[in-house]
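Single-structure report; data block below.
Derivation of every value follows stated rules applied to the coordinates shown; laboratory data play no part. Keep in mind it's a predicted model, so treat the numbers as computed, not measured. Glycine gets a Cβ as well: all are built from the backbone with ideal geometry, and neighbour counts include every protein chain shown.
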Amino acid sequence: MNYRYRINYSKKEGMRYTSNLDIHKMWERTFRRAKLPLAYSQGFHPQPKIQQASPLPLGFLSDFEIVDFFLEQEMDLSSLETALTNSLPFGISINSITQINLLEPALQTHTIASEYQVVFLEEFDAIKIIESIHVLISKETVIRVRRGKSYDLRPLILDLEIILENPIYLKMLLMSKDGATGRPEEVLSELNIPMELTRIIRKKIILANEVLDNKLGL
Amino acid sequence: MNQEKSLLNQLERILPLVEKPGRYVGGEYNSVVKNWDEVSTKIALVFPDIYDIGLSNLGLQILYENINQRGDCLAERAYSPWQDMEDLLRKNEIPLYSLETKTPLRDFDILGFTLPYETLYTNTLNLLNLSQIPIRSEKRGKEFPLIVAGGHATYNPEPMAPFIDAFLIGEGEEILLEVIDAYKEWKKEGLSKSELLLKISSIDGVYVPSLYDPQYNSDGTFLAVKTKNKNVPKKVTKRIMGKLPYAPTRFIVPSIGVVHNRIAVEIMRGCTRGCRFCHAGMINRPIRERTVQEIIHSIETGLENTGFEEVALLSLSSSDYTNVLELVEEISNKFSGKNLTISLPSLRIDSFSVDLMEKLKGSRQGGFTLAPEAASERMRKIINKPISEEMLLTTAFEIFKRGWHTLKLYFMIGHPSETLEDVAEIAALCKKVLAVGVKAIGRRAKVHAGVSTFVPKPHTPFQWVACDQQESIRQKQNLLREELKGPGLKFNWTDPKETIMEAWLSRGDRRLAEVIETAWKNGAKFDAWQDFKNYDIWMQAFREANLDPDFYVHRERSIDEVFPWDHIYPGVKKTYLKTEYLNSLSLRLRGDCREQCYACGITQTFNHLRKEDPGIVWKCPNISQPRSKNELSIPN
């Protein structure tokens, strides 16, 4: 019998340069250090039962990442959180842990959209950005080529706005379904903003069962 | 602090542009970040190859833990940036920095370079230059860090002599701490850099090359070194630990994939087999073992501290570990069913090794590797690695039968007396092994032959021997490539140009430094990486320095030649090496020196240490009688 838990965590500092695959390993090792009974798959090469929601591109920060893991024993949430917190590497911190139903669908099939914040590392002309956002939003299709495949970026942009606080930042809500993922750097490229002059932070991942409560109109 | 802030800002802009930016940010689990201002002596440990290779280096890990245990010191790390990062560092004028506090290396007190192999020399110069530190020792005043280096390659320090302030010869556990203490005193006294160098030159095992003057004969061969100061030791004897200290257990856990993601536990140091080509086997004497309890404890603590899924038990010859069966059984009892991979490399060729590996076989399974090194009877006698073909075939059959599909076999070619017939026997042997595999498990059986090329290393019985000519190496490799075609066979080799580069650097004298510097200036680096084609740059550098590369590698040395590394003493006497060289010429085998002492000199050199720790840790036989030529008594 396995027990399923969901961790919501932040990914900061040097950990932003750890890829999705390596984050998987990071969790496995954290569980081993915390001496928690992580469940493994059966077979010749047993793998730890860890599922991640929509992968976060290398270099992005996040206030809101989700991972599901399966334990061989049931544990109370606060001791689970304490054990993990003591074993996590610098830059990863837990926001919350919940126990969830084993029968819920796999996280990666369950993700609908991601909200990102884009902070500028250098001064940009807000007026110009507003104009290019306007141009982009008013298009019906935005065909781009990524890794040799062409796709339409426009329907993947659910929301895009500039927040005129000091300092200014962009807020974007992009589709992140299996096979239909909008990438913030592709949007930035359409806006003629070099990615290396920005800091991109994921603020939220929206899951399918949350959509009903949302006014996303999906 | 401000400096750090602005460096972090700069890094945030350049890291998205490089491959694997996680190499350059630190923050790994078990890395140690101390408060810079609260510590008096700051050491940066530098591995001059990329992070992916350097991170798991055991020597560096030992020193990192040792130094950071002290309240008055800190140790941070730096590695070679890959070309993309180097370009951006140079373009933005960012000096090379440490991973922990992102401090420029030039602001440290001491930089300690690990030089396990010679092909890191150009990278070492490159790292100094990237740190905005002059590469030549004489150009560095006391405003620059003290540059020290250690590791296997430094047993011949001469080619790097003008660049390194001091070499720490031998095992680094104590000597580096002693250098730190001397440095602290010196700093308090406010003396000059030359005072510092003189001060540390009195520490056992420290070689300060600027205090020694090499002299040459008119034919270019080495005459002698002259000490420039009468207080400086004429010969620098390596340092060893009488008893192996506790193994490190707080391994740095990388946040990105690297070459070895594992806990490494040294089960013993040294080797008693006496293979005549083996540098490690000669310089790491005497043989010292850890107890089974100590090893188990290190693994348990290491796993708790890291969460790693792999454990490597390291030694030069695992089967020779006295209680190897007990060790393996204990490990299998304690750790099976925990989804761990446990590797035990360097096993002897016998079916006992297969038993050992089978006990370690958990749910995850590694490969099986054996190193026959030579295939013909004659070559085995020359290199002193006797193996019976029958035993190899029986062992191979067991390996395949018990579930391994691939057997890797390591061989060495390139000894000058080797003939094409000897090489053909390697191919024939691989085919016989494959046939045995097919008999055991059918067409799934595979044999991978890894064939390296011999480099006559300093401080080995083959230091008098010449390197094979490139043409001859190619001919031998072509023969193997032709023969080792077909289903189930795979053949790996080393480019002869790479071998010859390694040979120059291993066997060079101090004049070679100019060649290294010129080669680096003209773009040579990452010489250990086959995809960097530096050979022509090196040839050009030899021409510019007016030196003949063949002089260093293709010349058989006369038996009484003085070598540029003779004043570095690994505790193994040159007369012993000479006897072994003559034995190889007359095809005479010598056995395991646990059984019979051949008086290599190691026990005499370190008798004082042995006496401190009497009992079981040293596996050299006790020599109870006063030494006379042929009277070696073996106890028990």
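The table for this structure:
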{"quantity": "Under 11 Å, Cβ to Cβ, from residue B:252 - net charge with Lys/Arg +1 and Asp/Glu -1", "calculated": "-1"}
{"quantity": "Ellipticity estimate at 222 nm from DSSP helix runs (n ≥ 4, -39,500 (n - 2.57)) divided over the protein assembly as shown, nearest 500", "calculated": "-9500 deg cm²/dmol"}
{"quantity": "Length-normalised contact order of the stretch A:111-213 in % [C-alpha pairs under 8 Å, at least 6 apart]", "calculated": "44"}
{"quantity": "Efficiency of FRET between residue B:9 and residue B:37 - r from beta-carbon atoms, R0 30 angstrom, step 0.05", "calculated": "0.90"}
{"quantity": "Distance-filtered residues of the stretch A:11-26 - backbone nitrogen under 17 Å, label point 7 angstrom along residue A:41 Cα→Cβ", "calculated": "A:21-26"}
{"quantity": "Shape category assigned to the stretch A:3-109 from the gyration tensor of Cα positions, a/c cut at 1.5", "calculated": "rounded"}
{"quantity": "Sites residue B:390 and residue B:495, calculated FRET efficiency, Cβ-Cβ separation with R0 45 Å, nearest 0.05", "calculated": "0.85"}
{"quantity": "Largest-first principal axis extents of the Cα set of chain B (Å)", "calculated": "69, 61, 53"}
{"quantity": "For the stretch B:295-340 versus the stretch B:137-173, the gap between their alpha-carbon centres in whole angstrom", "calculated": "35"}
{"quantity": "Cross-link table B:188/B:228; B:361/B:533; B:187/B:573, entries beyond 29 Å C-alpha to C-alpha", "calculated": "B:361/B:533; B:187/B:573"}
{"quantity": "Nearest-ten-degree value, helix A:20-33 long axis tilted from longest Cα axis of chain A", "calculated": "30"}
{"quantity": "Simple spin-label estimate for residue B:475 and residue B:622 in nanometres, 7 Å along Cα-Cβ", "calculated": "5.5"}
{"quantity": "Sequence-separation-based contact order of chain B, relative, with Cα cut under 8 Å and 6+ spacing, percent", "calculated": "13"}
{"quantity": "Neighbour cut-off at most 15 other Cβ (10 Å), DSSP loop, GluC sites (Glu not before Pro), the stretch A:122-218", "calculated": "A:122, A:123, A:140, A:165"}
{"quantity": "Kyte-Doolittle at least 0.5, axis length at least 27 Å by Cα - qualifying DSSP helices, chain B", "calculated": "B:420-441"}
{"quantity": "Chain B: antiparallel DSSP beta bridges as a percent of all, rounded to 5", "calculated": "25"}
{"quantity": "Isolated Cys in chain B, by beta carbon distance under 4.7 Å", "calculated": "B:73, B:271, B:430, B:467, B:593, B:597, B:600, B:620"}
{"quantity": "Estimated FRET transfer efficiency when R0 is 22 angstrom, pair residue B:550-residue B:232 (beta carbons, to 0.05)", "calculated": "0.05"}
{"quantity": "Peptide-level mean, for A:81-94, of C-beta atoms on other protein chains within 10 Å", "calculated": "2"}
{"quantity": "Sorted by Cβ density within 10 Å, fewest first, the residues B:316, B:127", "calculated": "B:316, B:127"}
{"quantity": "Sorted peptide list for B:140-151, B:559-570, criterion being average Cβ within 10 angstrom, highest first", "calculated": "B:140-151, B:559-570"}
{"quantity": "Share antiparallel - DSSP beta bridges, the protein assembly as shown, percent rounded to 5", "calculated": "55"}
{"quantity": "Proximal aspartates and glutamates relative to residue B:199, as straight alpha-carbon distance under 15 Å, when same-chain residues fewer than 8 apart are discounted", "calculated": "B:165, B:178, B:181, B:185, B:189"}
{"quantity": "Euclidean distance between Cα centres, the stretch A:40-84 to the stretch A:102-146, Å", "calculated": "26"}
{"quantity": "Sorted largest first, extent of the stretch B:2-233 alpha carbons per principal axis (Å)", "calculated": "55, 42, 30"}
{"quantity": "The stretch B:372-512 - Debye-derived log10 I(q)/I(0), Cα point model, q = 0.13, 0.20, 0.22 Å⁻¹", "calculated": "-0.59, -1.16, -1.31"}
{"quantity": "Within 10 Å of each Cβ in A:20-28, the average number of Cβ atoms from other chains", "calculated": "3"}
{"quantity": "Pair residue B:310, residue B:192: separation of 7 Å Cα→Cβ label points (nm)", "calculated": "5.2"}
{"quantity": "Chymotrypsin sites (Phe, Trp or Tyr not before Pro) restricted to DSSP loop in the stretch B:30-126 with at most 14 other C-beta within 10 Å", "calculated": "none"}
{"quantity": "For the stretch A:21-68, average projected area of the Cα convex hull in nm²", "calculated": "4.1"}
{"quantity": "Trypsin sites (Lys or Arg not before Pro) within the stretch A:135-167: DSSP coil, no more than 14 neighbouring Cβ in 10 Å", "calculated": "A:139, A:147"}
{"quantity": "10 Å-binned pair-distance histogram of the protein assembly as shown (Cα, whole percent)", "calculated": "2, 11, 19, 23, 21, 14, 8, 3, 1, 0"}
{"quantity": "Globularity ratio of the stretch A:111-213, using Cα Rg and 2.2 N^0.38 Å", "calculated": "1.07"}
